[in-house]
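Notes follow once the structure below has been shown.
The values are calculated or read from the model by the stated rules, or taken from the named source; none is laboratory data. For clarity, every value in this text was computed on a predicted model and none was experimentally measured. Here the Cβ is made from the backbone with ideal geometry for all residues, glycine too, and neighbour counts use every protein chain on show.
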Amino acid sequence: MKPISTVFLSAAAALLLAACAGPAPKAPYGTYTNPVLGGDYPDPSIVRDGNDYYMTHSSFDYNPGLVVWHSTDLVNWEPVSYALQTYLGSVWAPDISKIGDKFYIYFTVHGAGNWVVYADTPYGPWSEPHDLHVGQIDPCPAVGDDGQKWLFLSGGQRIKLTEDGLDTVPGTLEKVWDGWPIPEGWITEGLAMEGPKIKKVGPWWYFVAAEGGTAGPPTSHLVAIARSKSVDGPWEESPYNPLVHTYHNTDRWWSRGHGSLIDTPDGRWYIVYHAYENGYYNLGRQTLLEPVWLDDEGWWRNYGENIVEDPIAAPLPLHPYDRKARLGEFRIGLDWKYYKDFDPSRARVEDGVLTLRATGASPADAAPMMFVAGDQAYEFEVEIDRDPRATAGLVIYYNSQYYIGEGINNAGTLRWRRDRGGRRAMRTPDVTHIWLRLRNDHQIVSAYYSLDGKEWKQDDWGIEISGYNHNVFHEFQSMLPGLVAAGEGEVRFSNFKYRKLD
């Protein structure tokens, strides 16, 4: 997350907020700047429970999956649990809800339908996943005024849920809304209607949908709204659609969409959604927060397409949290995650030392352990003590075919590039104890090593990585920094450090 700004809104924006957002807070809250979660946090879904907020995101091929975040101000977020320990496949577009006295996360597994987990508290423990036996994607539950539970899905469809919410009722799938017709001439990735979020506010049910495609061109994605007096419809489209959209390729935030509405205890409304940062596609879709309001006719409105570019009045008193401050604790599942293969027995953490059992032959099949940096420029380093037959290193990883990194084995330091194994870069003594550093300076990656942790030498390679992104490689991944232990034996990682660069 970027530092909280001390600069307040422009005079025009402040007047607009004062006119439209209701009574001013009794005490100044300060401001915040987007993103509220920088880096790869796509498809945000959010729920409020009293004064507490909980949010989760698509986890795709990273495990453990479905990290649950907590906040008391909608700006600063701390991971508190993860809901999925079993790798079912690529996990898409979850919805976190509180129904009765339990919390539920409904989600899609690519190619394997829709699933649900539940818990008594967002802090877990979470149940094993339950198969909902229905296709489509992007599930969202809703409980009608008559108590009937529904599951809304992509394509404007819905199906009845069983009373416990853990399965669907066969034969009840129906289409209820065709979606907002995207104007002719708009350049989008596609016309799919997905990401439904169903919310009742006052007398109205609101159908919040994602349209236009989540990547593709900068103007692809959007949030469209429809409303009804009943969860059964008919659904009336908002005359002010889209609520969220990128109109110009010069904007900072591209492909803005997939939104969830959320309110504060004092009645303010916001929408969380995701977007790519212009020029930094490989950071993934980041989580943004934007104020919205209901007009006198019951339609959701925004404050102008560029308000998200500026410091914004904070929704609640701020409680700053540095989400990367604890990376050196190696909290697996909260800060750190694996690519696809999650074997809890591989890792143990004692006194700040991560011991990772080696597997595979290279980063391609070694299930690296990674974290989300979310900064345009950064470097990270670690002290490594490896068994003689183990290969260890640092990596910035898209998937098993595309990654960049620096490794060490008995032949010396290695340059990793794509899935071609390791090429010896600069000869070092045959050491098992070494410090390695990777620097990502605005998408230019370089590597460094030290034999004592004090004197550093630059290795003889570098590479530009802006093309490593979903529009090129698909799979919805991002470039994540991480640790690799391949070969045989174990690798011990300690004294991990992360620094944001200018």
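Data for the structure
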{"quantity": "Residue that is surrounded by fewer than 22 Cβ atoms within 10 Å (Cβ to Cβ), modelled with pLDDT of 95 or more and either of a type in the set (Gly, Ala, Ser) or not assigned by TED's automatic domain parsing to the domain that holds residue 286 (or both), where the choices are 439, 418", "calculated": "439"}
{"quantity": "Test: residue in the range 131-138 that is touching a strand residue (DSSP E or B) at 6+ places or on another chain (Cβ under 7 Å), part of a strand (DSSP E or B) and of a type in the set (A, V, I, L, M, F, W, C)", "calculated": "no"}
{"quantity": "Some residue of the range 456-477 being assigned to a loop (DSSP other than H, G, I, E, B), over 30 Å from residue 213 (Cβ atoms) and in the same structural domain as residue 386 (by TED's automatic domain parsing)", "calculated": "no"}
{"quantity": "Scope the range 53-64; condition in contact (Cβ under 8 Å) with a residue 60 or more places away in the chain and either in a strand (DSSP E or B) or assigned by TED's automatic domain parsing to the domain that holds residue 479 (or both); matching residues", "calculated": "53, 54, 55, 60, 62, 63"}
{"quantity": "Residue ID - surrounded by the fewest Cβ atoms within 10 Å (Cβ to Cβ), chosen from residues in the range 227-265 that are among the hydroxyl-bearing types (Ser, Thr, Tyr), touching a residue at least 40 places away in the same chain (Cβ under 8 Å) and part of a strand (DSSP E or B)", "calculated": "260"}
{"quantity": "Matching residues in the range 479-502 - criterion: being aliphatic (A, V, I, L, M) and assigned to a loop (DSSP other than H, G, I, E, B)", "calculated": "479, 501"}
{"quantity": "Hits in the range 78-88 (condition: surrounded by fewer than 21 Cβ atoms within 10 Å (Cβ to Cβ) and either at pLDDT 95 or above or of a type in the set (A, V, I, L, M) (or both))", "calculated": "78, 79, 80, 82, 88"}
{"quantity": "Residue among 135, 147 that alone is at positive phi and modelled with pLDDT of 95 or more", "calculated": "147"}
{"quantity": "Single residue of the range 360-399 satisfying the filter (within 21 Å of residue 342 (Cβ to Cβ) and of a type in the set (S, T, N, Q)) that is surrounded by the most Cβ atoms within 10 Å (Cβ to Cβ)", "calculated": "391"}
{"quantity": "Checking residue 300 against (1) farther than 30 Å from residue 475 by Cα; (2) touching a helix residue (DSSP H, G or I) at 6+ places or on another chain (Cβ under 8 Å); (3) buried (at least 18 other Cβ atoms within 10 Å of the Cβ), the condition it does not meet", "calculated": "(2)"}
{"quantity": "Leading residue by the ranking (farthest from the chain's Cα centre (by Cα)) among those in the range 256-277 that are of a type in the set (Val, Ile, Thr) and more than 30 Å from residue 466 (Cβ to Cβ)", "calculated": "264"}
{"quantity": "Strands (runs of 3 or more DSSP E) contained entirely in the range 271-364, each with at least 3 residues that are assigned by TED's automatic domain parsing to the domain that holds residue 389", "calculated": "337-339, 347-350, 353-357"}
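Table: residues versus (1) crowded, with 24+ Cβ neighbours inside 10 Å; (2) over 20 Å from residue 291 (Cβ atoms); (3) at pLDDT below 95.
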| site | (1), (2), (3) |
| --- | --- |
| 1 | no, no, yes |
| 15 | no, no, yes |
| 20 | no, no, yes |
| 24 | no, no, yes |
| 37 | yes, no, no |
| 51 | no, no, no |
| 58 | yes, yes, no |
| 68 | yes, yes, no |
| 90 | no, yes, no |
